[in-house]
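The values are calculated or read from the model by the stated rules, or taken from the named source; none is laboratory data. Just so it is clear, the structure is predicted and the values come from calculations on it, not from any experiment. Glycine also receives a Cβ, built like all others from the backbone with ideal geometry; neighbour counts cover every protein chain displayed.
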Amino acid sequence: MLPVVMALLSSVAFASSQILIRKNIEQSNYLNVSLTVTIMGNVVLWPLALLFTDFNQLNPHGIVLFLIAGLLAPGVARLIYFKGMKTVGISANSTVFSTYPFYASIIAIIFLGEVITPQNWVGLASIMAGVIIITRTINKNPPTKHATTKNLAIPITGAILMAFSQTIRKQGLNLYTQPLLGVAIGYAASLVFYLIVLAFSKTDSASKFSKTQLKLFWKPGLGMAAAWVLSFFALSQEMVSIIVPLLQTELLFIILFSYIFLRKIEKISITLIASALLVIAGIILISFN
């Protein structure tokens, strides 16, 4: 029972954190949001990684793969995610971005020679149907004034980067089975990447990283880190077939919270909800062999 509760709390924490970011993202830019969220993630994840990681069989090759995966996601992918949130809206952005298992499956088939089941193919088709519905919805009833079909390329790019990151991280875990350390290393790599980008970026005084950015986004940053920890422990204590569907309810909570708290910012249509349900069903079908 406890793992189920942790999985649901993880979904709620992820969703509510993103709602908080969406409410305040107009006061900042996606680099500052990414930097703040990643700082808080490092604060939460590294003590846990040091506490629960077995360092007796340290594998340098696995750590290198964790670094590369972390640079892709959360690194670059997180920047793209928040840019997409600001451009096409949180609901459409989250739904399209969550299709990364689709691309991960394609990558696994092409580069790793993995064979997927008929059930997985149904999942792939379900995700494709969800994305097609989103595209038509944005054409007819855009959720934000900046939302266009062309701008869907932003979350799609982020989803592809996430897929490559997941594939590389999986190879790293095959060499060094320490997932908590793997994510912590990814967060550290992302933090260094953002600091380098920030050092070379030309921004006006209003958009520079400051204490104001920390005040705006430290809570969702902490919430997202806590959500990841909850999902990690839920998966470690219960069957994947039970926990994964519960974690996918994050999308439903995002849409629900958007309807409640973001009505003045975004439009939530029935077709958008239907597309999210198709994507969730597809992800669940892809996740199991």
Scope region 230-261; condition among the aliphatic types (A, V, I, L, M), modelled with pLDDT of 85 or more and either within 14 Å of the chain's Cα centre (by Cα) or closer than 26 Å to Phe52 by Cα (or both); matching residues: Leu230, Ala234, Ile243, Leu246, Leu247, Leu251, Ile254
Selection status of Leu65, modelled with pLDDT of 95 or more, under 20 Å from the mean Cα position of the chain (by Cα), at negative phi and not hydroxyl-bearing (Ser, Thr, Tyr): yes
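Residue by residue, here is whether (1) in contact with a Ser or Thr (Cβ under 8 Å, 6 or more places away or on another chain); (2) modelled with pLDDT under 95 holds:
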| site | (1), (2) |
| --- | --- |
| Ser34 | yes, no |
| Ile39 | no, no |
| Asn42 | no, no |
| Ala73 | yes, yes |
| Val76 | no, no |
| Val88 | yes, yes |
| Phe111 | yes, yes |
| Gly130 | yes, yes |
Some residue of region 200-219 being within 17 Å of the chain's Cα centre (by Cα), within 21 Å of Ala77 (Cα to Cα) and surrounded by 21 or more Cβ atoms within 10 Å (Cβ to Cβ): yes
Candidate set: region 158-178, residues that are in contact (Cβ under 8 Å) with a residue 40 or more places away in the chain and farther than 23 Å from Ile106 by Cβ; chosen: the one surrounded by the fewest Cβ atoms within 10 Å (Cβ to Cβ): Leu175
Test for Gln213: is it in contact with a Ser or Thr (Cβ under 6 Å, 6 or more places away or on another chain), at pLDDT 85 or above and more than 17 Å from Lys86 (Cβ to Cβ): no
Residues of region 7-24 that turn out to be of a type in the set (A, V, I, L, M) and surrounded by 22 or more Cβ atoms within 10 Å (Cβ to Cβ), as a count: 4
Of the criteria (1) surrounded by fewer than 20 Cβ atoms within 10 Å (Cβ to Cβ); (2) more than 23 Å from Val122 (Cβ to Cβ); (3) hydrophobic (A, V, I, L, M, F, W, C), which one Ile254 fails: (1)
Number of the exception - Ala69 against (1) over 28 Å from Phe288 (Cβ atoms); (2) buried (at least 19 other Cβ atoms within 10 Å of the Cβ): (1)
Failed criterion for Leu124 (all others in (1) under 22 Å from Ile80 (Cα atoms); (2) touching a Phe, Trp or Tyr at 6+ places or on another chain (Cβ under 8 Å) hold): (1)
Wholly within region 42-157, helices (runs of 4 or more DSSP H) carrying at least 3 residues that are touching a residue at least 40 places away in the same chain (Cβ under 8 Å), more than 30 Å from Thr177 (Cβ to Cβ) and hydrophobic (A, V, I, L, M, F, W, C): 77-88, 90-97, 118-140
Region 252-280: number of residues that are within 15 Å of Ile134 (Cα to Cα) and either among the small types (Gly, Ala, Ser) or assigned to a loop (DSSP other than H, G, I, E, B) (or both): 7
